[in-house]
Structure formats: C-alpha cells, structure tokens
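The values are calculated or read from the model by the stated rules, or taken from the named source; none is laboratory data. Keep in mind it's a predicted model, so treat the numbers as computed, not measured. Cβ placement follows ideal geometry from the backbone for every residue including glycine, while neighbour counts extend to all protein chains displayed. Remember, those area values only see protein heavy atoms, side chains included, never the ligands or the DNA or RNA. Shrake-Rupley method; radii C 1.70, N 1.55, O 1.52, S 1.80 Å.
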Amino acid sequence: MLKDKNILLGVTGGIAAYKMANVASMLVKLHANVHVVMTRNAAHFITPQTFEVLTKNKVYLDTFDETPDDAAHVPHISLGTGADCILIAPATADVIGKLAGGIADDMLTTTVLPARCPILVCPSMNVYMLENPIVQDNIEKLKRFGYKILEPSEGYLACGYEGKGKLPKEEILVDQILLEVGHVHDLEGKHVVVSAGPTEEPLDPIRVITNHSSGKMGYALAKSAAMRGARVTLVSGPTALEAPLGVELRKIHTAEEMYQQVTDASKTADIVVMAAAVADYTPATVADQKIKKKEGDLSIPLKRTKDILLSLGENKRPGQFICGFSMETENLLENSAAKLAKKNADMICANSLTQEGAGYQVDTNILTLITKDGNEQLPLMSKLEAADRIYDKILFLQEKKA
Ligand code: CTP
C-alpha cells in the first residue's frame, strides 16, 4: 500500500519514542521507504541504530552530519522535499513550539520547514504540559498552517499521572499515514454508507437473538472507503472492533434501529453497502422482566423485520449505487442472483459459508461479485483487499454507466 512512498518519521525526546521502532517496522512491511530524523534528546530513549537496522536508511540527528554520499545534496532539504508524508511522533512541547515559531535549529526542524507534503504531528507529553495554554496555542497555530494534529490518547502516563497525552497505538499512527498517502483518493467527494456487524433483538432485559457476524467485512469496507477519500458513515451492530479512522460511527442494536440509521444516512449517500447480518425476525413482544423457566418447552413468536436492502433498492436515487451481501449455505450463486433482482440492488457480494477462509469471524473472504452484467469470482484474500476490489468494481460500473 505504500510502495514507492517516502515516509519521514520525526522522532523527538519523549518516552514513547521507543514505540516508533514498531511504527517504522510496520511501514517497511507496507513497502514504504522510511527515513528517520531524530532529535538529540530522542536518542536518550532509542538508538539511531535501531531505526537504521529496521529501515535500511541512514538516520539523521545533526544537520551537519553528512556522509560522503550526501556531499552532492543537502540532506535536510532533500529529505523534506522528497517526503510524501511526515509523521512527527512523539512530538514534544519543544518541537511543537519550535515549528509554531518557525524556528529551525536542528536536523528535524530544518527538514520539516521545506516540506510540502502532509505533515502529521502527534503531541505526546504530561497532561498538564499538554493543557498549558502556550502549548495549546502553538497546536492551534500549527493547525492553522495546515499541519494535521493527531489526538493523543488518554490513560496512565509514564510520569505517573492519568490523563491525555499518550502516544496512540502504533496501528493508529500507521493508519493515519495510510489515510494520507496509502491510496489514490478516487472516492473523494463521495459519501459512502456501510452497515456492519450483527443485530441484537431483545427477548427480555437479559436475552437477545443475534448471529455470529464479527463486523470485520463491514469495518474493512468502511476503512477502505475512508482511505480512498470518501466521507464514510458506518452503521454498526455490537462488535469488538474499533471504528476506522476518519469514519462516522453510528452504533445500533436492533434491526429497526439499523433501518432508521441506514435510511437516514443514505439520503445523501452515493454508495451504500449493506454488509450487516440483519435479523430477519424479531420477538413479537419483549418481556419487561426476565422470562422465568417453567415445566415443558417454550415457543417464542417472532415477527418479520424490515428488509433494509429492499427498501434502499425501492427508494434508490438516480446515480446511487446499492450493494448488498449474501450469505448462503447452498445454491450460492442462484440465490444471490435472485436477491440482486428482488431487492433492485446494483451488486451482490456472495459469500459461501461452507468454504474455508470465507464468512464470519475470519480476516479473509472469498467473494463472487454478482451484477446484471455477470459474475466475477474473487480468490481468497484479506477482507481489506476484498473491500478494495468491491470499490474498484463499483467505480468501474459507475464510469461505464456515465
Ligand atoms: N438485509 C437487510 N435487511 C434484512 C435482512 C437482510 O438489509 N432485514 C440485507 C443484508 O445486509 C444483505 C442482504 O440483505 O446485504 C442479504 O442478506 P441475507 O441474509 O443473505 O439474505 P436475506 O435477504 O435475509 O434472504 P434469505 O433469508 O432468504 O437468505
């Protein structure tokens, strides 16, 4: 995803500097060319050699530290102007103040000044330092000049205090870079609505009827759309997953709540993808109190829920693309093609529950993309890759139609 991209990591003297080794390694695995520029103080927490081994590139600490190879150019200018994205993390109050004041007195600040790429800054410090109005003012100033500030997370801080100021998880930092430069922004200007996860239909205050959906496919679809520049609304049933960055999350429990939220969000949507496993039936009545067991068996009357995909298909706006999913244990292609026609959908992603590596809970999927033009069989791939292929197909079909 980051092939041919030059990512520059600016590491400053905070305790979280050691976490940047993992970030560098994750970026290298995504095929990025990673350069690291450190401040002298950062080297108290992690050695330049660690980054050199991981990135296979020289690490710079000093503006005047030029090797013979560098004689032909000025490293701080070539690194700054050559970067596709810069991440400064952890960013101390000191480096934030220097950047806000236009001070360039070391390798990192002189490298950042000439850069014209997206610059992400992740403040990381003691909660009271972070709350200091001077630091806050500097952060606001950086925002005004187009720097992207990544919110520090909350929790136990190395100084012993609890609060805001922690460096977010490494995965979040990498996702932010992917969001900036990991994809062509071919969904820019589009609103994508994705539904994900199971629904929960209550029987009484304790029990629900639900299913095995993990939400992984829907969350991958939301992440992929966000990375391709779309505005994304994710309507999700209960899952253990974190919302992808830059995505508006609307949490629901029941099929009726999902119907309300998807219908509302879809009013402005260009693309709607129904990846949720929506209950087809819900208890006809919900008991106020816990249902107590009695002698003999128990039957619970169920009533039909609304078919959200059907309703979307019936109310489709011109130019809107409606994509559904289909879970089957038999006659996958026939049943899925029937759903395409019945629900007036533009595409159905058919998912066989009997194939290994496909369906619920796992990180991979095997899909057949069914449209009125025919079927496209995708091989086993990660759910994120599958999500990408789904948008590739949608964009292709929309272009063909235009
Ligand atoms: N779906 C929906 N509303 C429902 C049930 C399903 O919008 N009440 C959507 C799903 O999100 C999926 C598609 O319809 O995109 C197909 O779901 P699936 O469970 O495979 O099929 P059903 O339509 O429920 O039909 P059947 O029960 O016959 O398999």
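Being buried (at least 23 other Cβ atoms within 10 Å of the Cβ), among the β-branched types (Val, Ile, Thr) and more than 9 Å from the ligand (Cβ to nearest atom) is a property that holds for residue 271. Just so you know, in the stretch 112-164 the residues that are within 16 Å of residue 12 (Cβ to Cβ) and in a helix (DSSP H, G or I) include one that is most open to solvent (accessible area, probe 1.4 Å), and it is 129. Selection of the stretch 5-24 for residues being among the hydroxyl-bearing types (Ser, Thr, Tyr) and crowded, with 18+ Cβ neighbours inside 10 Å yields only 12.
Among the residues in the stretch 370-383, are any under 28 Å from residue 200 (Cβ atoms) and surrounded by 11 or more Cβ atoms within 10 Å (Cβ to Cβ)? Yes, some residue in the stretch 370-383 is under 28 Å from residue 200 (Cβ atoms) and surrounded by 11 or more Cβ atoms within 10 Å (Cβ to Cβ). Sort out which residues of the stretch 243-262 are closer than 18 Å to residue 219 by Cβ and within 11 Å of the ligand (Cβ to nearest atom), and write them in order of number. Scanning the stretch 243-262 gives 258, 262. Inspection of the stretch 296-309 identifies no residue that is surrounded by fewer than 17 Cβ atoms within 10 Å (Cβ to Cβ), basic (Lys, Arg) and under 19 Å from residue 397 (Cα atoms). Exactly one residue out of 268, 263 is under 29 Å from residue 191 (Cα atoms), under 32 Å from the mean Cα position of the chain (by Cα), part of a loop (DSSP other than H, G, I, E, B) and β-branched (Val, Ile, Thr): that is 268.
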